[in-house]
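Working notes, beginning with the structure itself.
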Amino acid sequence: MKKLNLLSMIFSVAAVTALIFVAACTKEGPKGDPGEDGIDGTDGTATCGVCHDNSETVETAIGQWEHSKHGFGGTNFENRTTCAPCHTSQGFKEALALDSSATAVAVQNPASINCYTCHKIHDTYSASDWELRVTAPDAFWLTGETVDLGKANLCLKCHQPRISYQIPDVTNPEGTYEVTSSRFGPHHGPQGTSLNGLAFYMVGSGYMNSSHAGIENACITCHMASPIGYVAGGHSWIMEDEEEGLNTAGCLECHTADEAEQLKEELNAEIEASMTELGTLLATAGILNPTAVNAVPGTYTNKVAGAYWNFISIVEDKSGGVHNPKFIKKIIENSIASLE
């Protein structure tokens with residue numbers, strides 16, 4: 001035990017001696033420059049408040065969007081290369097980057113059309129995140145024609161006929177046209193061309209567009225007018241709710257609310273009657289399946305296939321003629337005359 005204590009004492013003395021030696025040999029240099037205070041960094045969340053403030057703007061837009069057909073996301077499984085640009089958010093942005101009507105490959109984990117689709121959300125984390133991804137006019141895929149609808153140029157990127165089928169040749173009415181699919185026609189969203197009287201089988205004469213074709217920002221003005229809660233207007237893009245009725249907020253520059261409702265009701269009834277007449281003729285010609293309201297594959301004359309093209313374009317427009325009343329009335333009238 002004494003031997004152990006002696007060793008401990010020797011080690012302790014050696015350690016103290018070493019410290020004294022180091023201290024004695026170390027010289028203290030001159031004092032350094034204290035320097036300047038650094039510049040504070042930018043708060044990482046400083047720009048978030050541009051959008052995510054206490055006005056609840058984002059919350060309101062999302063609530064409306066969730067009631068929209070875009071928000072349902074019911075067709076975002078259509079992620080194939082030719083479908084993805086209009087049915088998925090990622091596909092829409094990719095097709096824009098490629099300046100194409102198709103993506104390079106099928107979109108994986110597809111998202112429905114959402115805020116990121118139409119706006120530059122989180123591109124810069126500034127007020128420019130609200131900017132639309134499309135502002136300039138672009139040619140329609142099927143016809144190559146161009147119209148400028150201001151902010152609604154964004155809508156036209158998808159709300160136009162697809163290129164799967166060509167419009168029958170109106171200059172050769174008795175020529176033949178092969179309908180190869182029950183889905184023959186412009187597909188489900190030709191509102192952009194209907195509004196402008198384009199991409200139809202233009203049989204006969206007397207065509208003119210209605211004043212709706214000249215509304216500034218077109219689709220935006222009417223479909224995104226001052227909203228009724230979450231059920232119509234705003235980012236729901238819905239024009240009419242079953243309980244609240246027609247959202248006339250976008251009509252008031254030209255019509256009173258009562259007048260707008262009456263004109264729509266009368267026009268819809270007139271279009272329904274004339275479309276029933278045209279549909280009967282097409283069913284008799286064999287090209288229309290009246291039960292499923294789609295085409296019967298087969299070989300037809302251009303005038304029959306063209307009249308069907310007009311018929312299904314109006315069905316898929318889904319406005320009952322409201323988008324372009326004068327033009328739609330005349331296209332139905334001339335299509336009926338061509339078949340009689």
Point to revise | Scope segment 94-125; condition hydrophobic (A, V, I, L, M, F, W, C) and either closer than 25 Å to I62 by Cβ or outside the structural domain of W65 (by TED's automatic domain parsing) (or both); matching residues | key: A95, L96, V107, A111, I113, C115, C118, I121
Check your understanding: Of the residues in segment 69-110, how many are under 24 Å from A136 (Cβ atoms) and not in a helix (DSSP H, G or I)?
Key -> 8
Practice item. Kindly provide the set of residues from segment 169-203 that are small (G, A, S), touching a helix residue (DSSP H, G or I) at 6+ places or on another chain (Cβ under 6 Å) and surrounded by 15 or more Cβ atoms within 10 Å (Cβ to Cβ), ordered by number. Key: G185, G192, S194, G197, A199
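Please find, among A292, A273, A225, the residue that is of a type in the set (G, A, S), under 30 Å from R183 (Cα atoms), assigned by TED's automatic domain parsing to the domain that holds P173 and under 30 Å from the mean Cα position of the chain (by Cα). First the steps, then the outcome.
Details: A273 fails: under 30 Å from the mean Cα position of the chain (by Cα); A225 fails: under 30 Å from R183 (Cα atoms).
Selected residue: A292, the only one of A292, A273, A225 that is of a type in the set (G, A, S), under 30 Å from R183 (Cα atoms), assigned by TED's automatic domain parsing to the domain that holds P173 and under 30 Å from the mean Cα position of the chain (by Cα).
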Check your understanding: With (1) part of a loop (DSSP other than H, G, I, E, B); (2) farther than 22 Å from N196 by Cα as the list, and L282 as the residue in question, which single condition is left unmet?
Key -> (1)
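Are any residues in segment 83-114 hydrophobic (A, V, I, L, M, F, W, C) and surrounded by fewer than 18 Cβ atoms within 10 Å (Cβ to Cβ), and if so, which ones?
Within segment 83-114, L96, A97, L98, A102, A104, V105, A106, A111 meet the criteria.
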Study note, to complete from the structure: Conditions (1) outside the structural domain of C219 (by TED's automatic domain parsing); (2) in a loop (DSSP other than H, G, I, E, B) -> S128 fails only (2)
**Study point:** Long-range neighbours under 9 Å by Cβ, at least six apart or interchain, first residue assigned to a strand (DSSP E or B) within segment 231-257, second of a type in the set (S, T, N, Q) and at pLDDT 95 or above
**Key:** A232/Q64; A232/N247; E240/N247; D241/N247
Point to revise | Residue check, E216 among the acidic types (D, E), under 20 Å from the mean Cα position of the chain (by Cα) and at negative phi | key: yes
Exercise for review: Go through segment 139-162 and give me each residue that's out of contact with any Ser or Thr (no Cβ under 7 Å at 6 or more places or on another chain) and in a loop (DSSP other than H, G, I, E, B).
Suggested key: L142, T143, G144, E145, V147, D148, L149, K157, C158, H159, R162
Review point. Out of curiosity, is N114 in contact (Cβ under 8 Å) with a residue 24 or more places away in the chain and under 30 Å from I228 (Cβ atoms)?
Key: yes
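Quick check on F72: is it among the aromatic types (F, W, Y) and within 25 Å of E216 (Cα to Cα)?
Working: among the aromatic types (F, W, Y): yes; within 25 Å of E216 (Cα to Cα): no.
For F72, the condition - among the aromatic types (F, W, Y) and within 25 Å of E216 (Cα to Cα) - is not met.
Any idea which residue in segment 285-340 is surrounded by the fewest Cβ atoms within 10 Å (Cβ to Cβ), counting only those that are in a loop (DSSP other than H, G, I, E, B) and in contact with a strand residue (DSSP E or B) (Cβ under 8 Å, 6 or more places away or on another chain)? Let's see the steps before the verdict.
The first filter runs over segment 285-340 and keeps only residues in a loop (DSSP other than H, G, I, E, B), leaving 286-287, 290-293, 296-297, 318-324, 340.
Okay, now just the ones that are also in contact with a strand residue (DSSP E or B) (Cβ under 8 Å, 6 or more places away or on another chain), so 286-287, 296-297.
Working: G286: 11, I287: 25, V296: 17, P297: 14.
In this case the residue turns out to be G286.
The values are calculated or read from the model by the stated rules, or taken from the named source; none is laboratory data. Note that the structure is predicted; figures quoted are calculated from it, not measured. Backbone-built Cβ (ideal geometry, glycine too); neighbour counts: all protein chains shown.
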